[in-house]
Amino acid sequence: MDTTLQCETRSERGKNLARRLRRDGRLPGVVYGDSGGQSAGDVVAVSVDPGALSRILHSDAGVNTLIGLAIDAGQPTQVLIKDYQLHPITRKLLHVDFYRLAMSKVITVSVRVVLKGEAEGVKMQAGLVAFEQREFAIACLPTEIPEHVEVDISSLMIGHGVRVRDLLEGVSWTPVTDPDTLIVHVVAPKVEEEPEAEEEAAAEGEAAPEAEGAEEAEKADDAGKSGD
């Protein structure tokens, strides 16, 4: 997925300016990276519409959305959201980092996993789906970033699973995460201990002190008679 986002440069920096920008309905951010003749050290301070950025973050592609960032209404530069900060209580956006891309260079990103279907091991064997790895890292060109990786679990029975290496056929990316990493599998349900066994154990535990008490009382009675 790709989209266009307008931003404006800001000549000043600092916490006071950032607060003022947020009060005025703008979100402070920076742009850096290596593209368009600019070196990785060239950092541009910008401000963007927080609502537009929030819609991108909540889209299917999320932070992997390829963004055409138009600075001061200029020619869009291709960027990704490298990082963003949220208020710990209100969860409102506080700051964003954009990374300029060289479109011919391979980059590493994390993609989320989406499960498809209902496992046979759940329907026929009363098994449980264990979703072990909800995202993993891949390497690809910026234009080849998938929104997500879909995993069909329909045929999985108890004891069967899907690993990263099982997802490589016909894709335009290569895994950075260990190919043996387990994504999802179906496990047998936990067997709970029978209530009867627990009740019998509890009854035996109660009976033992009673028997010991009766034995001690009998000994005391015998001792009393001997004294007489």
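The values are calculated or read from the model by the stated rules, or taken from the named source; none is laboratory data. Note that the structure is a prediction, hence the values are computed from the model and not measured. Ideal geometry is used to build each Cβ from the backbone, glycine not excepted, and the neighbour counts take in all protein chains shown.
Below is a table of values for the structure above.
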| item | result |
| --- | --- |
| Test result for Ala119, touching a residue at least 40 places away in the same chain (Cβ under 8 Å), of a type in the set (A, V, I, L, M), closer than 30 Å to His160 by Cβ and surrounded by 12 or more Cβ atoms within 10 Å (Cβ to Cβ) | yes |
| Within region 128-159, considering residues that are without any contact (Cβ under 8 Å) to a residue 40 or more places away in the chain and part of a strand (DSSP E or B), the one surrounded by the most Cβ atoms within 10 Å (Cβ to Cβ) | Ile138 |
| Some residue of region 67-74 being in contact (Cβ under 8 Å) with a residue 12 or more places away in the chain, touching a Leu at 6+ places or on another chain (Cβ under 9 Å) and either buried (at least 18 other Cβ atoms within 10 Å of the Cβ) or assigned to a helix (DSSP H, G or I) (or both) | yes |
| Which listed residue is among the polar types (S, T, N, Q), at pLDDT 90 or above and in a helix (DSSP H, G or I), from Ser54, Ser59, Ser104 | Ser54 |
| Selected residue [touching a residue at least 60 places away in the same chain (Cβ under 8 Å), under 30 Å from Val162 (Cβ atoms) and either exposed (fewer than 15 other Cβ atoms within 10 Å of the Cβ) or in contact with a strand residue (DSSP E or B) (Cβ under 7 Å, 6 or more places away or on another chain) (or both)] from Thr4, Thr108 | Thr108 |
| Checking Arg100 against (1) free of Cβ contacts under 8 Å to residues at least 12 places away in the same chain; (2) surrounded by 13 or more Cβ atoms within 10 Å (Cβ to Cβ), the condition it does not meet | (1) |
